[in-house]
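The values are calculated or read from the model by the stated rules, or taken from the named source; none is laboratory data. Values in this document were obtained by computation on a predicted structure and should not be read as measured data. Here Cβ is always computed from backbone atoms with ideal geometry, including for glycine, and neighbour counts include all displayed protein chains. Each accessible area value is taken on the protein alone, full model and side chains, heavy atoms only, with ligands, DNA and RNA left out. Shrake-Rupley method; radii C 1.70, N 1.55, O 1.52, S 1.80 Å.
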Amino acid sequence: MIIMMGGPGTGKGTFSRLLHNVCPQYSHIETGALLRAQPDGSPIRLAIAGGNLVSNELVCDLISKTISQTHGDIILDGFPRTLSQAQWLVNNYATKYNIHVIYLNVSDEIMIDRINKRRTEGSTRKDDANLDTVKHRLETFHNITMPAIGWLGSEPDNIKFSDIDSSEQESKNFARILSALQIPTQNA
Ligand code: ADP
């Protein structure tokens with residue numbers, strides 16, 4: 001199981017899709033898209049539009065249902081995002097899967113630039129539209145998601161963890177990801 005983690009705009013979705021092209025046998029679970037597919041006006045959609053995280057219980061429930069519908073390897077994108085989600089994942093899945101966490105490490109400036117670019121290229125996402133919401137998502141990333149990344153990188157001894165400098169152009173960052181996963185570049 002490949003876990004893609006990083007702040008907003010770090011390319012979790014883009015690199016997961018590129019990885020899925022290289023490894024089409026993997027199931028690709030895109031947490032943000034799964035959550036955005038919930039009904040308009042539902043608590044989940046309201047939380048997302050305000051730049052807030054959806055509750056651990058709702059997300060873990062959705063992820064466990066989705067995983068149970070897959071067979072074989074998985075690319076999990078956007079989960080876990082809190083320490084309790086990370087501990088839940090390791091407790092429930094580290095014996096069933098070889099877990100490899102890819103942490104896409106970039107500066108706040110780059111995250112903001114990339115979200116701005118997404119907006120000028122026509123993103124209709126409500127959480128990209130407002131600068132305050134974007135700043136709030138960055139704060140949430142530092143306060144809530146970074147402790148989960150820190151824990152995954154240091155505590156569990158039954159998973160792999162790679163800290164990937166993702167500040168270069170896309171092809172270079174992707175080559176680093178493939179190298180960390182020991183996937184030959186000729187497959188890309
Ligand atoms: P980004 O990483 O650019 O914020 P995502 O599509 O991964 O985009 O997530 C969009 C929103 O969905 C998040 O801001 C949050 O509200 C919600 N979300 C995604 N993943 C999780 C998660 N694991 N736990 C709680 N909320 C989540």
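Does Arg45 qualify as being more than 7 Å from the ligand (Cβ to nearest atom), of a type outside the set (Phe, Trp, Tyr), open to solvent by 50 Å² or more (accessible area, probe 1.4 Å) and over 24 Å from Asp108 (Cα atoms)?
In short, yes.
Look through the range 17-35, keep the residues that are within 10 Å of the ligand (Cβ to nearest atom) and part of a helix (DSSP H, G or I), and return whichever of them is surrounded by the fewest Cβ atoms within 10 Å (Cβ to Cβ).
Checking each candidate, the answer is Ala33.
Out of the residues in the range 60-78 that are among the β-branched types (Val, Ile, Thr) and out of contact with any strand residue (DSSP E or B) (no Cβ under 6 Å at 6 or more places or on another chain), state the one that is nearest to Met1 (Cα to Cα).
Restricting to residues being among the β-branched types (Val, Ile, Thr) and out of contact with any strand residue (DSSP E or B) (no Cβ under 6 Å at 6 or more places or on another chain), the top hit is Ile67.
When you check Leu58 against the structure, is it open to solvent by 50 Å² or more (accessible area, probe 1.4 Å), in contact with a helix residue (DSSP H, G or I) (Cβ under 7 Å, 6 or more places away or on another chain) and either away from the ligand (no atom under 15 Å from the Cβ) or not in a loop (DSSP other than H, G, I, E, B) (or both), yes or no?
yes
Looking only at the range 137-161, count every residue that is open to solvent by 60 Å² or more (accessible area, probe 1.4 Å) and over 17 Å from the mean Cα position of the chain (by Cα) and tell me the total.
Residues in the range 137-161 being open to solvent by 60 Å² or more (accessible area, probe 1.4 Å) and over 17 Å from the mean Cα position of the chain (by Cα): 4 in total.
From the list Gly72, Gly50, Gly78, pick out the single residue that is near the ligand (Cβ under 9 Å from one of its atoms) and surrounded by fewer than 17 Cβ atoms within 10 Å (Cβ to Cβ).
Of the residues listed, the single one that is near the ligand (Cβ under 9 Å from one of its atoms) and surrounded by fewer than 17 Cβ atoms within 10 Å (Cβ to Cβ) is Gly50.
Please determine whether any residue of the range 81-92 is of a type in the set (Phe, Trp, Tyr), within 13 Å of the ligand (Cβ to nearest atom), under 20 Å from Pro156 (Cα atoms) and under 14 Å from the mean Cα position of the chain (by Cα).
no
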